[in-house]
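Since every read-out is calculated from the coordinates, none of them should be taken as a lab result. Since this is a predicted model, take the numbers as computed values, not measurements. Cβ atoms come from the backbone with ideal geometry, glycine included; neighbour counts cover every protein chain shown.
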Amino acid sequence: MNAAIGTAIETRQLGKRYRSRWALTDCTLSIPAGRVVGLVGPNGAGKTTLLNLITGHLAPDSGTIQVLGGRPGSGPGHLAKVGFVAQDTPTYLGLSIADHLRLGARLNPRWDRSYAEERIKRLALDPRRKAGRLSGGQRAQLALTMAIAKRPELLILDEPVASLDPLARREFLDELREAVVERATTVMLSSHLVSDLEGFCDYLVVIAASRIQAAGLVDDLLAAQGDELADLEQLVLAYMSRASRSEVEAQR
């Protein structure tokens, strides 16, 4: 665990509304530092909204949130501590891969140049090639390289491996696991593929119907269910089914 701070993310009754619809409501979480957090839930459940609140791209309409002991996005020093790869793996289409790495070095005080250059070489990507000429999977790999080379204390990944083939997905998750162990980075990884999280995440947050349905250590959540639920996918499906039933009953 990161010795500098015991809690990476702290929210109390956090909520975000789009016009008359609450995308996230009454969200209370306390995520310990140094954990690998799987964020799961159906489409439209509020996962991306929560991640954007954590990174400071959105402001809450209710409740409070602290990230690494401060307000999300509160100045360059705080921004340098948080890495983020959005669902569309944004890159600057007119810039080359080498331009991206130079920009990363200029903007991030803890930039790991050797890691970034070595990873681009290992992926057989031409540094001279512009991002706009890359495939979707290659752009995703560039965005992931930028995020990890930043060496953040907190790394937020929104469906980061969705555009990668199964082998590349597994290799990236293995690489990310090594980075977490080596640097005690806190990671929050959103994915609709529970199989990607199995054996990788040690902490789980389940969102459904715009609310947190479960949050805690994976082993503790499984143990609380007894022998009836043997794996992570069954556990997630059980929480989502309960949320769906509760939502139907509330509408009657």
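Below, the figures for the structure above:
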| read-out | value |
| --- | --- |
| Quotient of C-alpha Rg and 2.2 N^0.38 Å, computed over the stretch 74-116 | 1.24 |
| Virtual spin-label span in nm between Ala59 and Leu237, 7 Å along Cα→Cβ | 4.3 |
| Relative pair counts by distance (%), Cα atoms of the chain, 10 Å bins | 7, 30, 35, 21, 6, 1 |
| Virtual spin-label span in nm between Ala98 and Ala184, 7 Å along Cα→Cβ | 3.8 |
| Computed FRET value (nearest 0.05) for Arg21 with Ser244, which takes r as the C-beta separation and R₀ as 30 Å | 0.95 |
| Cβ charges +1 (Lys, Arg) and -1 (Asp, Glu), total dipole of the chain, debye | 1320 |
| Prolate/oblate/rounded call for the stretch 1-112, Cα gyration tensor, a/c under 1.5 rounded | oblate |
| The stretch 10-33 and the stretch 46-84: distance between their alpha carbon centers, rounded to Å | 12 |
| Binned Cα-Cα distances of the stretch 68-216, short to long, each 10 Å bin given as a whole percent | 10, 40, 36, 12, 1 |
| In Hz, Karplus ³J(HN,Hα) per residue of the stretch 47-62 (6.51, -1.76, 1.60; θ = phi - 60°; x = Gly, Pro) | 4, 5, 4, 4, 5, 5, 6, 5, 7, x, 6, 10, 9, x, 9, 7 |
| Mean Cβ neighbour count within 10 Å, used as a protection proxy, ranking 176-188, 115-127, 27-39 highest first | 27-39, 176-188, 115-127 |
| Pairs of Cα atoms farther than 15 Å apart, the stretch 155-240, % | 61 |
| Amide hydrogen neighbours beyond the local backbone of Arg129, cut-off 5 Å, H modeled | Ile97, Ala98 |
| Degrees between helix 97-107 axis and first principal axis of the chain (Cα, 0 to 90, nearest 10) | 70 |
| Whichever lysines have a C-alpha closer than 30 Å to that of Lys121, once near sequence neighbours (fewer than 8 apart) are set aside | Lys81, Lys130, Lys150 |
| Extension gain, Asn43 back to Glu198 (0.36 nm per residue minus Cα-Cα distance, nm) | 53.9 nm |
